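Report on the following structure.
Computed from the coordinates by the stated procedures, all read-outs in this text should not be read as laboratory data. Bear in mind that the values here come from a model prediction, so they are computed numbers and not experimental data. FYI the Cβ positions are ideal-geometry reconstructions off the backbone, even for glycines, and counts take in every protein chain you see.
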Amino acid sequence: MAANDSTDADKKVWIGFDLGGTKMLAIAYDEDWKEVGRRRRKTKGSEGSESGIQRIASTISRLLDESKLSVKDIAGIGIGCPGPIDLEKGEVLMTPNLGWDNVKVSSHLKKEFDCPVVVMNDVDAGVYGEYQFGAAKKARCVVGIFPGTGVGGGCVYEGKVLQGAGISCMEIGHTRISSSRGGGSAFAGTVESDASRLTIAAEAAKAAQRGEAPYLYEKTGTDIAEIRSGALADSIKNGDKVVKRLVEEAAETIGIAVANIVHILAPDKIVLGGGMVEAMEDLFIGTVKKVAKQNVMSVYKDRFDVVAAKLGDDAGAIGAAAWARDQTEKTSDKA
């Protein structure tokens, strides 16, 4: 479908929106899942929820303008947001990394664009995208773990996003493992407190300050905000062994989390995604897979695989759009 073919009365697009900790990504898809336009913007960490919602709406409006689409062309909007979601109200209950609480995303966008809006957790959206179009096609049960600023989790079970009674779930990052480090929440000793990029960056900064990571110190310094996934990967490539060990320890923590999940859900596919995995795929995937298989009961050892996500930043957008279509069509069938 041509992006500027605005005379086709039957044309409908599904818009997927991924609200991450540092970026907003909106993509429009036709009914065959061909991309017809995209718009990316940075998330302003200091902005409040009201201005943030306005920024989401304006991003979608600009996407429509640039793609020569109108509001009437929209079949529905799917939006993936970080943190727990009230699924019935389409409300973001809390986003630790953005500082948003009780934000009525769905009602605002419905009013703005006069179309169905489905709000879901951003990692759920990414995992559903990988299930439909990426690394987990045809999986009976896929669990996704996305380490980044925090550590997000999601699950698709027999084609359905695993969700609670009116609330999103699979908050893998907040499950307790063993350590006493503090993380991005009030809970200590969690997967997130041990394995998030922020934790690794903080420990790497200390190592650089002590002279144990000379390449990192020379190229990046000790500012945690600057020690991102690419900087960590470059540090490891250039001989900073202490940084490599920090990443391995984080991956080992996630490997233990995977083992726990295998014992509960027996997923046949574990998908790891996010910037750290993309930057250090072999190290991260290999360590997680090794540790997970070492720590499951023998009968489960060969019943799952650990793979890297394939869709990159697009996973959340296309996953949110696809889930919105699924839910909207089911609602229409019941009407």
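Nearest 0.05, what FRET efficiency do residue 330 and residue 138 give at R0 = 25 Å with Cβ-Cβ as r?
Numbers: r = 21 Å, r/R0 = 0.85.
With a Förster radius of 25 Å, E is 0.75.
Are there DSSP H segments in the chain that both extend 27 Å or more along their axis (alpha-carbon positions) and score a mean Kyte-Doolittle hydropathy of at least 0.0? List them, or say none.
Working: long enough: 241-265 (35 Å, 0.93); 314-334 (30 Å, -0.88).
Within the chain the helices that satisfy the rule are 241-265.
Order of 14, 100 from fewest to most other C-beta atoms within 10 Å? Provide the component values of the computation, followed by the final result.
On the way: 14 25, 100 22.
Lowest count first: 100, 14.
Of the DSSP beta bridges with both residues in the chain, give the percent that are antiparallel, rounding to the nearest 5.
Numbers: 31 of 50 bridges.
The antiparallel fraction comes to roughly 60 percent.
Among all the lysines, which ones have a C-alpha under 20 Å from residue 42's C-alpha, if same-chain residues fewer than 8 places away are not counted?
Reachable lysines: 23.
Given a cut-off of 23 Å, name the pairs among 104/269; 219/244; 206/241; 206/290; 68/330 whose C-alpha atoms lie farther apart than that in the structure shown.
Beyond 23 Å between Cα atoms: 104/269; 206/290; 68/330.
So what J values fall out for segment 157-174 if you push phi through Karplus, 6.51 cos²θ - 1.76 cosθ + 1.60 with θ = phi - 60°, rounded to Hz, Gly and Pro as x?
Whole-Hz 3J(HN,Hα) from phi for segment 157-174: 10, 6, x, 10, 5, 6, 9, x, 6, x, 9, 5, 9, 6, 7, 4, x, 9.
In debye to the nearest 20, how big a dipole does the chain give about its Cα centre with +1 on each Lys and Arg Cβ and -1 on each Asp and Glu Cβ?
Numbers: 43 positive and 47 negative charges, 80 e Å.
Roughly 380 debye for the chain.
Ratio of alpha-carbon Rg to the 2.2 N^0.38 Å globular estimate for segment 13-120, to two decimals, please.
Working: Rg = 13.0 Å, N = 108, 2.2 N^0.38 = 13.0 Å.
Ratio of Rg to 2.2 N^0.38 Å for segment 13-120: 0.99.
Can you compute the helix-only [θ] at 222 nm over the chain? Use -39500 (n - 2.57) per DSSP H run of at least 4 residues, normalise by all residues, nearest 500 deg cm²/dmol.
Working: 11 runs with 137 residues, N = 335.
Rounded to the nearest 500, the figure is -13000 deg cm²/dmol.
Whats the longest run of the chain with zero GluC sites (Glu not before Pro) that are DSSP loop and have at most 11 other Cβ atoms within 10 Å?
Working: sites that count: 88, 158.
Segment 159-335 is the longest.
Using +1 at the C-beta of Lys and Arg and -1 at the C-beta of Asp and Glu, which of 209, 139, 129 has the Cα lying farthest in the positive direction of the dipole of segment 120-218?
With unit charges placed on the Cβ atoms, the residue in question is 139.
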